[in-house]
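A.B. asks: My questions all concern the structure below.
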Amino acid sequence: MKEFKYLSPESVEDAISLYGQHSETSKFVAGGTDVIVKLKEGWMEPDFLISLKKIKELSDLHKNEATKELSIGALVTHATLEKSLMIQNRYPIIYDAVSNIGSLQVRNVGTIGGNLINAVPSADGAVPMIALDGVALLHGPDGERSVEVKDLFIKPYVTVLKPGEILKKITIPPQEANTGSAYIKFGRRAAMELPLIGIGVLLTLDTDQKTCTKARIVLGVAAPTPMRAFEAEKSLVGQKINEEILVKAGQIAADESKVRDSVRGKAWHRKEMIKVHVRRMGLKCLDIIKKQS
Amino acid sequence: MATKISFILNGDKISYEIKDHWTLSYLLREEMGLIGTKEGCGNGECGACTVIVDKLAVNSCLYLAIDIDDKIVETIEGLASTDGTLHPLQQSFVDNGGIQCGFCSPGMIMSSKALLDENPDADREEIKHALAGNICRCTGYIQIFESVEAAKELAVEDKGGKNG
């Protein structure tokens, strides 16, 4: 690994200013579980590695009891999310996604912000953030701006972040009553695996607990970036949700997806799994809603 | 680019001048000669290099040495008593066939220690979840899970002994 100088600013402003001084030769690092691999392989050769670990506000995880907004700092680790009872109980789709990222050793160090900014098509962390209508707060040399997580990704490994910009946190708007959410990472094995396909479903039902008022179907590895299956979502809204309707939505989502053959699996297999798991995750959502009431 | 860091390693206060780009596994093995921690893949896939930092199991090959500044580090060398008595987990791995070639064992044992320190009653599923990032090519894992389960009992007996 090439030598570099490690800088540990304690504020976002200092981090951005340090980056400004050496912009051509600096890289930001959060947990480092992806960046250190890239450094070792020589895919990244910065002279300055600017760590965000000492910036306390970035590790903040809390729910604002007044606004009911959930705020997830970019440096919150996957393990912190996995162990949080609030996440387990109120945001099961986040728990489902982060509890199977890499290994425990990776989840103890790797962060949700790093997972998003690394921007691989298979990022497990992105699917729940999109399904929950998460908003990313970015801070750069020109100040702050907000971007919906669904619009964060341009193509594999590329996000809308400009040079010197930092992801500070993801804000999840309040969840409506009668909402259920679930994610499955479908792969050949459970651990140390990137998904063949990732499927996240969120359903909100009316007070009758039957009619769908909001649906989110989000797919990972189904396109160059994580994607929402908008047509499949539309097919559910206004309908009384049952297994048959979910099967149809799964078919629509599979048709909408841009899956392709890769070393990890074939396009036809991915489509079949979208069909199966949109239905299963939808049923899981209904189950969660039923248990809440 | 050198930086001086201070940390606690297996109970001892240490100050060390390191280079910023060193990984923790490099510091432990190549600089400090603590070769109990193994490095397998070097990319965070195999778990052989697992050590405990501030009570959390981490891959020392993906953790920069500079990041242990002011932290508490535990490695396999810190487990046995100074008189050579093995830690309950080590004894249990020996007794239950949890070790064959031994390369994955330090990582397996450190992952297991982090788990049992946090959750002494961990059940089989919790043990599997915690050890999913530790790869073993010899045992087929069953004996390893059994070793961790048996260690729970040994640890309880130990406590009873000391308290009595």
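Every read-out reported here was derived from the displayed coordinates using simple, explicitly stated rules and does not represent laboratory data. Remember, it's a predicted structure, so these values are computed and weren't measured experimentally. Counting neighbours? That spans all protein chains shown, and the Cβs are built from the backbone with ideal geometry, glycine included.
A.B. asks: Taking chain A as the reference, fit the longest principal axis to its C-alpha atoms, fit the long axis of helix A:12-21 to the helix C-alpha atoms, and give the angle between the two in degrees, 0 to 90, nearest 10.
C.D. replies: 50
A.B. asks: A further question on this structure: Using only alpha carbon positions, build the gyration tensor of segment A:56-122, then give the equivalent ellipsoid semi-axes as the square roots of 5 times its eigenvalues, largest first, whole angstrom.
C.D. replies: For segment A:56-122, the semi-axes come out at 19, 14, 11 Å.
A.B. asks: Another question, if that's okay. Just to be sure I understand: with springs between alpha-carbon atoms less than 10 Å apart, which residue in B:53, B:94, B:73 has the highest mean-square fluctuation in the Gaussian network model of chain B?
C.D. replies: Among B:53, B:94, B:73, the largest GNM mean-square fluctuation belongs to B:94.
A.B. asks: Any idea what log10 I(q)/I(0) is at q = 0.14 Å⁻¹ for the protein assembly as shown, Debye with uniform C-alpha scatterers and no solvent?
C.D. replies: Cα-only, vacuum Debye calculation for the protein assembly as shown: -1.33.
A.B. asks: Based only on Cα atoms, what mean projected area does the convex hull of segment B:88-163 have, in nm²?
C.D. replies: 4.6
A.B. asks: Evaluate the distance, in nm, between pseudo-label points positioned 7 Å from the Cα of residue A:41 and of residue A:177 along their respective Cα→Cβ axes.
C.D. replies: 5.0
A.B. asks: Estimate the FRET efficiency between residue B:55 and residue B:32 by the formula 1/(1 + (r/R0)^6), using the beta-carbon distance for r and 22 Å for R0, to the nearest 0.05.
C.D. replies: That gives a FRET efficiency of 0.55.
A.B. asks: Something else now. What net charge do the residues around residue B:61 carry, taking every other residue with its C-beta under 15 Å from that of residue B:61, with Lys and Arg at +1 and Asp and Glu at -1?
C.D. replies: -3
A.B. asks: Could you please rank B:61, B:104, placing first whichever residue has the fewest other Cβ atoms within 10 Å of its Cβ?
C.D. replies: Sorted ascending by nearby Cβ count, the order is B:104, B:61.
A.B. asks: In nanometres, what is the gap between the two model label sites at residue B:70 and residue A:2, each 7 Å from Cα along Cα-to-Cβ?
C.D. replies: 3.0
A.B. asks: Using all alpha carbons of segment A:145-198, what is the percent of pairwise distances in each 10 Å bin, ordered from the shortest bin to the longest?
C.D. replies: Taking every Cα pair in segment A:145-198, the percentages come to 16, 31, 37, 15, 0.
A.B. asks: As I understand it, the value is the acute angle between the Cα axis of helix A:267-292 and the longest principal axis of the Cα atoms of chain A; what does it come to in degrees, rounded to 10?
C.D. replies: 80
A.B. asks: Separate question: On full extension of the chain, what length is gained from residue A:133 through residue A:17, given 0.36 nm per residue of separation minus the C-alpha to C-alpha distance?
C.D. replies: Going from the current span to full extension adds 38.7 nm.
A.B. asks: Let me ask something else about it. Starting from the Kirkwood Rh over alpha-carbon pairs, what translational D in µm² s⁻¹ does segment A:65-172 have by Stokes-Einstein at 10 °C and 1.306 mPa s?
C.D. replies: The diffusion coefficient I find is 114 µm²/s.
A.B. asks: I'd like the FRET efficiency for residue A:144 and residue A:206, computed as 1/(1 + (r/R0)^6) with the beta carbon distance as r and R0 of 30 Å, rounded to 0.05.
C.D. replies: Efficiency, from the Cβ-Cβ distance: 0.25.
A.B. asks: Percent of Cα-Cα pairs more than 20 Å apart in segment B:2-78, please.
C.D. replies: For segment B:2-78, the fraction of Cα-Cα distances above 20 Å is 18 percent.
A.B. asks: Hey, another quick one. For segment B:7-164, treating each Cα as an identical point scatterer without solvent, what Debye log10 I(q)/I(0) comes out at q = 0.18, 0.19, 0.20 1/Å?
C.D. replies: The Debye formula, applied to the Cα set alone, gives -1.09, -1.19, -1.30.
A.B. asks: Measuring from label point to label point, each 7 Å out along Cα→Cβ, what is the residue A:154 to residue A:240 span in nm?
C.D. replies: That separation, rounded to one decimal, is 4.9 nm.
A.B. asks: Over segment A:179-292, what number does the Rg to Rh ratio reach, with both radii from the alpha-carbon atoms and Rh per Kirkwood?
C.D. replies: 0.98
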